[in-house]
Amino acid sequence: MSGISKVGVTAASSVIRVLLVDDSAVARGMVARALQGNASFSVVGSISNGQMAVDFVSRNPVDVIVLDLEMPVMDGLTAIPKLLEKAPHAKIIVVSALTTSGADVSLKCLRAGALDVIAKPSSVAGGSAATFAQDLIERISALGQTHRPRSATLGSAKPTVSATTTSVVKPAHSDAPNLRRPSTLMPDVIAIGSSTGGPQALFSMLGDLKKIGTPRQPIVITQHMPATFTAILATHISNLTGFQAAEGKTGDLLTPGRIYIAPGDFHMLFEKKPGGVSIVLNEGPKENFCRPAVDPMFRSLVDIYGGKVLAVVLTGMGSDGAKGSAAVADKGGTVIAQDETSSVVWGMPGATAKIGACSFILPLDQIASSVSRLAGK
């Protein structure tokens, strides 16, 4: 069949089966070569449009789909719900151009069921291609792991939280984290960190929070995303949740009830001024291989607010946010981590739980009510 090739469709159960969908044979070849050098992956198909992908997954098992947006016959956005109907357990990573229109469609793809977005390299040769390939491998590995049976882990031992915010009953399991008592102080700011799966989690949590009532505190968010994408994320949050959300800008004063999102490629820090607390964007070194990163945002808030910080760490790969959460907790603030079952990738919240910084480890659908209660609604 023209535009489709199959490689190693019968893969061992421990191998992540990857389907490549892109109308560029050169782009598919670049990704295939990068993956085929790793025994953890099997490229089970290389396909040139969305309709072929839908036909393929209806006949073949696939764990991760790397999906281009712009293709003939059927584009990526149209294909996503059809792919998930045929292969509901497949994890979809969208490959997007770094343009405003590309970012907007990418966010729509995330709302449609894709779990991550990666920016296309500016060329298929040189350093940008190598960086793209390595980044893609890490994301496929993180998402692909979720199809494998897992032994009992920290996340499977859920803490039981009392009806009030001043008492936490630790789970009886020996591998459960040590939970800290939540702060008795009213927070002055709500800070959220997220990565893989984060946009969907933010839409859900913030939508639930808005239904309960706009909190009196400003909300600051670091979501791992490239430039251009974060401005579109802010627009989608505003449209979907009813909050007033925007990228943070240097000099912006934090205003109660508004959401400020760290712009792609900038750390979002803060400083105290006579008129209030303002944002300071920073192009300093990456932390945890990220910019923006959650840890510097959390640390900067602790320097200003002390124990009056309510921090939330949502789904994401890596460990960004864990050390910053420890700084929040050590100053007497409260930290909530999303639990493993509801996380797309339990990297960031898992690291935060394991470091012993949390007062609560909660399913996504319970986080908004807990935030509202702790914030004084």
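The values are calculated or read from the model by the stated rules, or taken from the named source; none is laboratory data. What you are looking at is a predicted structure, and each value in this text was computed from that prediction instead of being measured. Positions of Cβ are backbone-derived with ideal geometry, glycine not excepted, and every protein chain shown enters the neighbour counts.
Key figures for this structure:
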{"read-out": "Residue list for region 32-54, restricted to those being touching a strand residue (DSSP E or B) at 6+ places or on another chain (Cβ under 9 Å) and under 22 Å from A112 (Cβ atoms)", "value": "G45, I47, S48, N49, G50, M52, A53"}
{"read-out": "Residue check, P363 under 19 Å from S195 (Cβ atoms), touching a His at 6+ places or on another chain (Cβ under 6 Å) and in the same structural domain as I192 (by TED's automatic domain parsing)", "value": "no"}
{"read-out": "Exclusive hit being under 25 Å from F132 (Cβ atoms), touching a Leu at 6+ places or on another chain (Cβ under 9 Å) and either touching a residue at least 24 places away in the same chain (Cβ under 8 Å) or crowded, with 16+ Cβ neighbours inside 10 Å (or both), set I279, I261", "value": "I261"}
{"read-out": "Top-ranked residue of region 231-248 - restricted to ones that are in contact with a Phe, Trp or Tyr (Cβ under 9 Å, 6 or more places away or on another chain) and either surrounded by fewer than 24 Cβ atoms within 10 Å (Cβ to Cβ) or in the same structural domain as P121 (by TED's automatic domain parsing) (or both), ranked as nearest to K210 (Cα to Cα)", "value": "T241"}
{"read-out": "Failed item, numbered, when V66 is tested on (1) within 16 Å of S24 (Cβ to Cβ); (2) assigned to a helix (DSSP H, G or I)", "value": "(2)"}
{"read-out": "Index of the failed condition, L253 passing every other in (1) crowded, with 16+ Cβ neighbours inside 10 Å; (2) modelled with pLDDT of 95 or more", "value": "(1)"}
{"read-out": "Test: residue in region 218-228 that is small (G, A, S), at pLDDT below 95 and either over 21 Å from V309 (Cβ atoms) or touching a helix residue (DSSP H, G or I) at 6+ places or on another chain (Cβ under 7 Å) (or both)", "value": "yes"}
{"read-out": "Matching entry among G307, G284, G275, G333 (being assigned by TED's automatic domain parsing to the domain that holds A201, out of contact with any Gly (no Cβ under 9 Å at 6 or more places or on another chain) and closer than 30 Å to G213 by Cβ)", "value": "G275"}
